[in-house]
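Q: Below are the structure tokens for one structure; questions will follow.
The values are calculated or read from the model by the stated rules, or taken from the named source; none is laboratory data. Keep in mind that this is a model prediction, so the values were computed, not measured. Here Cβ is always computed from backbone atoms with ideal geometry, including for glycine, and neighbour counts include all displayed protein chains.
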Amino acid sequence: MDLRLTGRVALVAGASSGLGYAAAEALAREGCRVAIVARTPSALRHAAERLVAATGAEILPLPADVSVPDEVTRVVAETAARFGQVDIVLANAGGPPPGRFLAHDHLAWVRAVETNLLSTVTMFRAALPEMIERRWGRLLVITSLSALEPLPGLILSSTVRAGVHGLVKALSDEAAAHGVTVNAIAPGMFGTDRLAEIWEARARNSGGSAAEELAKGLSAIPAGRLGDPAELGALVAFLASEQAGFITGRVVQIDGGQGRAL
Ligand code: NAP
């Protein structure tokens, strides 16, 4: 299917590795020009080189910390300055640290809100006005299955990302009439650095090994395997497509059947 994304401009955050990288690659393969954001300049530059080599697309690496509002505003402006517009935004960052309720102090809660909720608000606020003017836009955010069904040791993620789901639904009501869709993607378990961090934290808690925790995790997935980041990238590209213009205000799960809610 031609997703009719050729020439569109995408801004993808958290894109030097993992799910964000896979999303940037999928959008680039579909013909988008893509600005990618992460904090570490060397890793981001390397990611940009790999994306250019793999897709031949125009890739703009913009080092920034999305938990800092001025940096978010800057990258949206720099993307528009370089490519003329911003059609697609994928809000994403590292997940909040794993751990049980009493392990997190006040600062950890503030950081989680800044990194995983307010970063999304700021990216959407910066990009939406021009999308409304052009009457076309796709606002997307990566959240987590843990925001739909609490998972062990992910209380920061469950709490803060439930707020992101509220934002997505409420904002979609305001944006839909302007041709702008707003959706969240809630992944289950994918083979990325983030997941390794979670197995290690669970192993510290249980006194077992990370491999045992991985085996336990896999047993909760009917598909019997971890997700491939490219599968999430393909979902991002579809939700960004012309054909997905009637899908808005949704949290789309991609989890190999792990989610239990009907
Ligand atoms: P990852 O492999 O650790 O990648 C995180 C990316 O975000 C890196 O490029 C990182 O680069 C960047 N980043 C982190 N903090 C940032 C910040 N403040 N500003 C800008 N960029 C930032 O993680 P992942 O597995 O792709 O996960 C991405 C998101 O999906 C996370 O929020 C995670 O909680 C969520 N998620 C993942 C899974 C999974 O199975 N992997 C499941 C559910 C939800 P720098 O460190 O250089 O900034």
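Q: Quick one: which residue in ASP105, ASP87 is more than 26 Å from PRO61 (Cα to Cα), more than 10 Å from the ligand (Cβ to nearest atom) and not aromatic (Phe, Trp, Tyr)? I'd like the intermediate steps shown before the answer.
A: Details: ASP87 fails: more than 26 Å from PRO61 (Cα to Cα).
Step by step, each of ASP105, ASP87 is checked, and only ASP105 is more than 26 Å from PRO61 (Cα to Cα), more than 10 Å from the ligand (Cβ to nearest atom) and not aromatic (Phe, Trp, Tyr).
Q: Do you know which residues across region 13-30 are part of a loop (DSSP other than H, G, I, E, B) and touching an Asp or Glu at 6+ places or on another chain (Cβ under 8 Å)?
A: Correct list: SER17 only.
Q: Sticking with this one: Would region 178-196 turn up any residue that is in a helix (DSSP H, G or I) and at pLDDT 95 or above?
A: Checked against the condition, which is being in a helix (DSSP H, G or I) and at pLDDT 95 or above, region 178-196 yields at least one hit.
Q: Which pairs have Cβ atoms under 9 Å, sit 6 or more apart or on different chains, and link a residue in region 133-148 that is more than 29 Å from ALA80 (Cα to Cα) and at pLDDT 95 or above to one that is within 16 Å of the ligand (Cβ to nearest atom) and acidic (Asp, Glu)?
A: That search, which allows pairs on different chains as well, returns LEU145/ASP255.
Q: For residues that are among the small types (Gly, Ala, Ser), buried (at least 24 other Cβ atoms within 10 Å of the Cβ), within 14 Å of the ligand (Cβ to nearest atom) and part of a helix (DSSP H, G or I), tally how many sit in region 108-145. Give the steps one after another, and end with the answer.
A: Initial filter on region 108-145 (among the small types (Gly, Ala, Ser)): 108, 112, 119, 126-127, 137, 144.
Filter once more, so that each one left must be buried (at least 24 other Cβ atoms within 10 Å of the Cβ): 119, 127, 137, 144.
Okay, now just the ones that are also within 14 Å of the ligand (Cβ to nearest atom), so 119, 144.
Right, trim to part of a helix (DSSP H, G or I) and you get 119.
Going through region 108-145 one residue at a time, the tally reaches 1.
Q: Exactly one condition in (1) within 16 Å of the ligand (Cβ to nearest atom); (2) of a type in the set (Val, Ile, Thr); (3) not in a loop (DSSP other than H, G, I, E, B) is not met by VAL52; state its number.
A: Among (1) within 16 Å of the ligand (Cβ to nearest atom); (2) of a type in the set (Val, Ile, Thr); (3) not in a loop (DSSP other than H, G, I, E, B), the lone unmet condition for VAL52 is (1).
Q: Further question on the same structure: For region 55-85: of the residues being assigned to a loop (DSSP other than H, G, I, E, B) and of a type in the set (A, V, I, L, M, F, W, C), which is farthest from THR6 (Cα to Cα)?
A: VAL68
Q: Moving on. State which residue is nearest to the ligand (Cβ to nearest atom) when the search covers only region 216-234 and only residues that are at negative phi and exposed (fewer than 12 other Cβ atoms within 10 Å of the Cβ). Step through it out loud before you land on a result.
A: Taking region 216-234 as the starting set, the residues that turn out to be at negative phi are 216-223, 225-234.
When the remaining residues are screened for being exposed (fewer than 12 other Cβ atoms within 10 Å of the Cβ), the result is 219, 222, 225.
Working: SER219: 16, PRO222: 16, ARG225: 12 Å.
Of everything passing the filter in region 216-234, ARG225 is nearest to the ligand (Cβ to nearest atom).
Q: Could you list, in sequence order, the residues of region 31-49 that are within 17 Å of THR115 (Cβ to Cβ) and part of a strand (DSSP E or B)?
A: Matches in region 31-49: VAL37, ALA38.
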